[in-house]
Amino acid sequence: MFKIGSNISEYILKHFGAEYLKKYSDYVEEDHSQYIRIPTTFDNPGEIIEGLKKYNIEVEQVGSIESAYRVIKGNELIGKTIEYTIGKYYIQSLSSMVPPLILNPAKEDRTLDLCAAPGSKSTQLSELMNYQGTLYANEVSNSRIRVLVYNLDKMKSINMGIINFKGENLSKVYNNYFDKILVDAPCTALGVLQKKNEVNNWWEESKTELLANIQYKLLVSAIKMLKTGGEIIYSTCTLAIEENELVLNKILNNYPVELLPIELPIKCEDAFIEFEEEKLNPQIKNAKRVIPWEVDSEGFFVAKLRKLENIDANEQITINGKDQKLITAHSKDMIDKLKQIEERFGIPFDVLNRYKFLIKKNDIFFIDGSWEADNLNPFTRIGSKFGVFDRRGYIHLHSNAARVLAEYINLNIIELENEADLKKYLQGQTVKGESTEKGQKAIKWKNEILGTASASGDGLKSQFPRSLRSHEIIFPAD
């Protein structure tokens, strides 16, 4: 049985008391609920719920959050279904869904997720924006960028550009630029000890001071990047007061922001306004603490700040690089190629014209047409993969693009006839079968476009993305 280390238990006892420590210890040692987020923009949640029953998985909606569902049967299977593989839902804790909901960006809001990987909240922000407008997702870690890109593609977050930059310094690139910013800061993770037992091995109270310094710098950077009147959500998954209330207290003492009252859709408590006999700014009461055992999820801290006036910016820097530019569907480099896509798959040109395109050698990326950036050089990824130019200059549509545009595809569709063919397709193999006209096809399974394939005399060569077949995939019962 997992036991809390002495460093953690002593901290909890010191600052929260014996009863709190007992409840915390009991919760950490118990089994915990899993939750999924089903986007409401693309799909009928009821169809997904019924489909999950064929895997012997049952979920129930969490009344306070429309897109949240608790897994009540099949926890060990929920991350292996076809629906999970193609982004019909996202595995995410209930508490983690709250910060994006409180920020609540619209497609008109230029929005930044400052500490974005692995992408749980970034993809949720994209969903809240109806996959339109301008969303930037920044991540400092090179190794975690890959996971962020994976989730962008899987969840069809077609309004997201990804930046790989130190968040504390990003205000040197953007000043008074964003309408809304999420700062889900790195922390000592006391709210998620039940699923990240390794925290026990390294946690010590001195770590809170180190992390609080980083969190403060991230918030300062966010304030400088925010337009006057804009809003920031500051959140952590730790219980440590030094990383929550004390960070906000220092911010309120030094920067022209106010803490706004918020109501969370799950049970919570007011933040503390005293710490070791020190009186904190009374506005901090507006921030909220989510207690893990009270919501059967992670412990979280959530606060909303509004910028009251402009402040002096850092010395600005310009990131130089290749002369990249986004082009429209009507540009000379794209119009004829997209007409070919229209002819092959039936996707109306007017639909393709809703996007902007970026050509990198033979690769083509696409992003929502209302997405904006003054300089493309800070971005390691813009939008999702649209396709690739072949030797003749024609576009081979990427499977990610086929899934984004699935509702408009009505030509050159091949529906897989049995589970054996489905398995081969999802494993990237060639599906043998009746001869068909050569060329690229859209592959369908039970009314769902899965991706593309190339038809030849040997059959259908799967073009299902390698990244989406990196885990075990199970199949539903008939």
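The values are calculated or read from the model by the stated rules, or taken from the named source; none is laboratory data. These numbers were taken from a predicted model, which means no experiment stands behind them. As a convention, Cβ positions derive from the backbone with ideal geometry for all residues, glycine included, and neighbour counts pool all protein chains shown.
Do we find a residue being over 30 Å from Gly167 (Cβ atoms), in a loop (DSSP other than H, G, I, E, B) and in contact with a His (Cβ under 6 Å, 6 or more places away or on another chain) anywhere in the range 381-391? Give the steps one after another, and end with the answer.
Let us first name the residues in the range 381-391 that are over 30 Å from Gly167 (Cβ atoms), namely 387-391.
Still in the list and also in a loop (DSSP other than H, G, I, E, B): 390-391.
Adding the requirement that they be in contact with a His (Cβ under 6 Å, 6 or more places away or on another chain) leaves 390.
Checked the range 381-391: at least one residue is over 30 Å from Gly167 (Cβ atoms), in a loop (DSSP other than H, G, I, E, B) and in contact with a His (Cβ under 6 Å, 6 or more places away or on another chain).
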Qualifying residue in the range 355-365 (condition: within 27 Å of the chain's Cα centre (by Cα) and either among the acidic types (Asp, Glu) or assigned to a loop (DSSP other than H, G, I, E, B) (or both)): yes
Lone qualifier among Leu239, Leu264 - being among the hydrophobic types (A, V, I, L, M, F, W, C), assigned to a loop (DSSP other than H, G, I, E, B) and surrounded by 21 or more Cβ atoms within 10 Å (Cβ to Cβ): Leu239
Residues (charged (D, E, K, R) and either buried (at least 16 other Cβ atoms within 10 Å of the Cβ) or over 25 Å from Lys446 (Cα atoms) (or both)) located in the range 28-86: Glu29, Glu30, Asp31, Arg37, Glu66, Arg70, Lys80, Glu83
Looking only at the range 82-101, and only at residues there that are touching a Leu at 6+ places or on another chain (Cβ under 7 Å) and β-branched (Val, Ile, Thr), the one that is nearest to Gln194 (Cα to Cα): Val98
Condition broken by Gly119, with the remaining ones in (1) surrounded by fewer than 24 Cβ atoms within 10 Å (Cβ to Cβ); (2) free of Cβ contacts under 8 Å to residues at least 40 places away in the same chain satisfied: (1)
Where a residue in the range 415-431 is under 11 Å from Lys444 (Cβ atoms) and its partner, wherever it lies, is modelled with pLDDT under 95 and among the basic types (Lys, Arg), with Cβ under 6 Å and at least six apart: none
Counted residues, the range 336-351 - those being closer than 17 Å to Ser399 by Cβ, in a helix (DSSP H, G or I) and among the aliphatic types (A, V, I, L, M): 1
Sole residue being of a type in the set (A, V, I, L, M, F, W, C) and either in contact with a helix residue (DSSP H, G or I) (Cβ under 7 Å, 6 or more places away or on another chain) or part of a helix (DSSP H, G or I) (or both), chosen from Val71, Val59: Val59
Identity of the residue in the range 434-478, hydroxyl-bearing (Ser, Thr, Tyr) and not in a strand (DSSP E or B), that ends up nearest to Asn151 (Cα to Cα): Ser467
Check on Thr436, modelled with pLDDT under 95 and either more than 25 Å from Ile327 (Cβ to Cβ) or surrounded by 16 or more Cβ atoms within 10 Å (Cβ to Cβ) (or both): yes
Yes/no for Glu258 being part of a loop (DSSP other than H, G, I, E, B) and at pLDDT 95 or above: no
Single unsatisfied condition, Lys154 versus (1) charged (D, E, K, R); (2) surrounded by fewer than 18 Cβ atoms within 10 Å (Cβ to Cβ); (3) farther than 28 Å from Val257 by Cβ: (2)
Output for the range 113-159, where each listed residue is part of a strand (DSSP E or B) and more than 17 Å from Ile232 (Cβ to Cβ): none
Considering residues of the range 176-218 that are assigned to a loop (DSSP other than H, G, I, E, B) and small (Gly, Ala, Ser) only, the residue nearest to Thr134 (Cα to Cα): Ala185
Count - residues of the range 227-258 that are without any contact (Cβ under 8 Å) to a residue 60 or more places away in the chain, over 18 Å from Lys285 (Cβ atoms) and polar (S, T, N, Q): 1
So Ile162, is it of a type in the set (Val, Ile, Thr) and in a loop (DSSP other than H, G, I, E, B): no
Enumeration of residues in the range 412-433 that are of a type outside the set (A, V, I, L, M), surrounded by 14 or more Cβ atoms within 10 Å (Cβ to Cβ) and outside any loop (DSSP other than H, G, I, E, B): Asp421, Lys423, Lys424, Tyr425, Thr430
Thr228, sole failed condition from (1) surrounded by fewer than 20 Cβ atoms within 10 Å (Cβ to Cβ); (2) in a loop (DSSP other than H, G, I, E, B); (3) within 27 Å of the chain's Cα centre (by Cα): (2)
Number of positions in the range 197-221 that are among the acidic types (Asp, Glu) and without any contact (Cβ under 8 Å) to a residue 60 or more places away in the chain: 2
